[in-house]
Every structure is written in structure tokens, then in C-alpha cells.
Amino acid sequence: MLIRKYHPSDCPRLAKLFYQTVHEVNKQDYTKEQLNAWATGEVDLSAWNHSFLEHYTLVAVEGDEILGFGDIDETGYLERLYVHKDHQREGIASRLCDKLEAHVSGNIRTHASITAKPFFQNRGYKIIKEQQVERRGILLTNFVMELEKKWEKPAEEKNLMKKVIVIGSPGAGKSTFSRKLRAVTGLPLYHLDMIWHKPDRTNISREELVQEQKKIMEKQSWIIDGNYLSTMELRLENCDTIFLLDYPLEVCLAGAKARIGTKREDIPWLETEFDEEFRQWILDFPKDQLPIIYQLLEKYGQNRNVHIFRSRDAAENYLKENFSKNEEENSI
């Protein structure tokens, strides 16, 4: 996912996203009559475009798809923050909000819907008052909320991205991405597969796996590559940055098949065949593990940097945009 500045050509698509999100996401807290008054489907695109250009406006995209948008003015009023109805609870609103809040030095204010109130409360916003606003003769409840900005060290003094986990389906390329991240950050890399598996293809115990991870997490910095859902919560509690490679199933299957016969640093033997049990594990991953992972991200993601990639290009672009001078030449 890429977060970029607004372009005037985005305006019609943002208006469409706004309408769809309000009518789908907010229907749990507002009546149909209220939703129709709030989002009529008839937006003054010229006025919206003018407002977006006057404000600091950001758009979250992946490829050609717009995932969300938000805007804030110079006084610290966060006017809009909307995420596509099909991409809720993926950390998109948090990443947009992080950048919007960082743009102004003073306190942040917003008018939050009933639906959005818990999100802002989790970010530290306080309710100033509950109010009724009128839209086309219909009353809607929302909340005036404020975030008191605290002084922070300049960005160059912060310890950013020191404790990193890379998670996702087998075959997604977690180890390759982790190696590229090691190359551009200098952080030490630990592969859970190398810890869990013995060269004779037996395993250590789960208790030993937990202890080995705790030893790693006592260090000042690290990248831990591996999904291992049974111990993921331990890593989530101790990391500051999360990379989730949420790629299509066919990409993961092809990735796992392509590495057969290749010597790798992340596993203590050479794979010579695409094991059917392992293939089934990949096939079951989207329904058995991915929903749990997103639940855990919802629980732990608020105070961590969360990056969710849904394509190899998205992961590649992230490295190019953030570490272009040091990036390795090999593709992910």
C-alpha cells in the first residue's frame, strides 16, 4: 500500500468511496434515512476538489485501487477520514491518521461519527461533546473530539524500525523480503524455520521455540521472519514494526513451488519436491490463519507501524520509496 498526496483526478473516485463507505460501514449506527441525508450521492466535486487542495490531503492506494483518504487543515481540523468498505480493519485509517496528525504541530480536532468514535478514542482523542447535526432536515449524532499533541523528539532521533516481524502465508516471500530489509536497514535477521526445524527434519518443542524467541527479543534490534501463529502474539507484543504479506493464493502457491531445489538460508535442508501436505497448508491459510492474524493486528496494531502488502510490486515499491539508495537488485 502506498500513501500519496491527493490529485484532482482522484476527486470523483473519493466521492464514490465516501458514499459506499457511509452506506455500508455506518449502517450499524445510523438509520437509512440518516445515511441518505449524510451521503446523498450528489457531491459538489468542484467544492470538494477545492477543499482537498486547500487542505493537506492524502490518498491510500494499491495499484489502481483507492483504499482510503483523509484531509486536515492547517488549524488541525481533521475533516474527513474514510476507508473503502472492503478494506476495513486493515490498518489503513491508522496509517493515514498518523501522517495527517504529524502534519500539524498543535492539537487535532475532528467530528467523529458513532461508528468512528472508538477508533479515535483508541488513538487518544477525548470527547469534548456529543452533538446533533442537521443534514437535509435530518438529525445525526456525532462527537467533537480532540487529540492533545505531545512533544516528540525529531524523527531523526527516534528509534524507528528496530524490532520487526515479517508474517504471511508460506510461499509469499517472507524470507526474501526479510533479507532485503536486512540489507537496507542493517538489522540482524532471524528465521523461525531455522529455529523450529532440525536438519533431520524433526522439530524442537513449542516451549523451546518460545524461549528462543524470547532470547532474540532481549536484543536491542531484530527482524524475525516467520508466521508461526501459535507464538505470534509474543512477537506482536514486543515488536515496533509489522510487515504482513497478504498475497493472492496463486502467488503463494507459485512462490512455494518455484523455490524447490534452491538452497536457502532460512531452512536447514534442500527441498526437492512440493510436499502435498505443505501445499494443503497454503491452501488452508486464507481461511484458517489469515482471519486470526487480522484480529491480532486489530489488537496490537494501534501503537505499531503496520505495513500490509497485497502484491510483490507493493512490497518492492515500499523498499524503493524508503530505501532506494541501499536496495538490493533482486526482486522480491
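Return the only residue of N122, N142, N107 being in contact (Cβ under 8 Å) with a residue 12 or more places away in the chain and within 19 Å of the chain's Cα centre (by Cα).
Of N122, N142, N107, the one residue that is in contact (Cβ under 8 Å) with a residue 12 or more places away in the chain and within 19 Å of the chain's Cα centre (by Cα) is N122.
Hey, could you check the range 266-276 for residues that are more than 27 Å from the chain's Cα centre (by Cα) and not aliphatic (A, V, I, L, M) and say which is modelled with the lowest pLDDT?
For the range 266-276, the residue satisfying everything is W269.
So in the range 117-141, with the set limited to residues that are among the hydrophobic types (A, V, I, L, M, F, W, C) and more than 19 Å from Y77 (Cα to Cα), which one is surrounded by the fewest Cβ atoms within 10 Å (Cβ to Cβ)?
Going through the qualifying residues, I end up with L139.
So, in the range 107-116, of the ones that are closer than 19 Å to Y56 by Cβ and polar (S, T, N, Q), which residue ends up surrounded by the fewest Cβ atoms within 10 Å (Cβ to Cβ)?
Step by step, filter the range 107-116, then rank; the result is N107.
Considering only the range 203-228, state which residues are of a type outside the set (G, A, S) and out of contact with any strand residue (DSSP E or B) (no Cβ under 9 Å at 6 or more places or on another chain).
The answer is R206, E207, E208, V210, Q211, K214, K215, E218.
Regarding the range 236-256, can at least one residue be identified that is over 20 Å from the mean Cα position of the chain (by Cα) and under 25 Å from I204 (Cβ atoms)?
Yes: the range 236-256 contains one or more residues that are over 20 Å from the mean Cα position of the chain (by Cα) and under 25 Å from I204 (Cβ atoms).
Give me a count of the residues in the range 115-148 that are in a helix (DSSP H, G or I) and in contact with a Phe, Trp or Tyr (Cβ under 6 Å, 6 or more places away or on another chain).
Matching residues across the range 115-148 total 1.
Yes or no, residue by residue, for (1) modelled with pLDDT of 90 or more; (2) surrounded by 17 or more Cβ atoms within 10 Å (Cβ to Cβ):
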position: A254; (1), (2): yes, no
position: R264; (1), (2): no, no
position: F278; (1), (2): no, no
position: F285; (1), (2): yes, yes
position: N303; (1), (2): no, no
position: Y318; (1), (2): no, yes
position: E329; (1), (2): no, no
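Mind listing whichever residues of the range 199-214 are modelled with pLDDT of 95 or more and of a type in the set (K, R)?
K214
What residue, of G70, G41, G76, is of a type in the set (G, A, S), closer than 14 Å to K16 by Cβ and not assigned by TED's automatic domain parsing to the domain that holds G301?
G41
Residues in the range 85-106: is at least one outside the structural domain of A315 (by TED's automatic domain parsing), touching a Gly at 6+ places or on another chain (Cβ under 6 Å), surrounded by 20 or more Cβ atoms within 10 Å (Cβ to Cβ) and in a loop (DSSP other than H, G, I, E, B)?
There is at least one residue in the range 85-106 that is outside the structural domain of A315 (by TED's automatic domain parsing), touching a Gly at 6+ places or on another chain (Cβ under 6 Å), surrounded by 20 or more Cβ atoms within 10 Å (Cβ to Cβ) and in a loop (DSSP other than H, G, I, E, B).
Which of the residues belonging to the range 195-231 are basic (K, R) and either on the phi > 0 side of the Ramachandran plot or touching a residue at least 60 places away in the same chain (Cβ under 8 Å) (or both)?
K198, R201
Looking for something among the aliphatic types (A, V, I, L, M), in a loop (DSSP other than H, G, I, E, B) and within 16 Å of W281 (Cβ to Cβ) - is there at least one such residue anywhere in the range 168-188?
Among the residues of the range 168-188, at least one is among the aliphatic types (A, V, I, L, M), in a loop (DSSP other than H, G, I, E, B) and within 16 Å of W281 (Cβ to Cβ), which makes the answer yes.
The values are calculated or read from the model by the stated rules, or taken from the named source; none is laboratory data. Source: prediction; values computed, not measured. We place every Cβ from the backbone using ideal geometry, glycine too, and count neighbours over all the protein chains shown.
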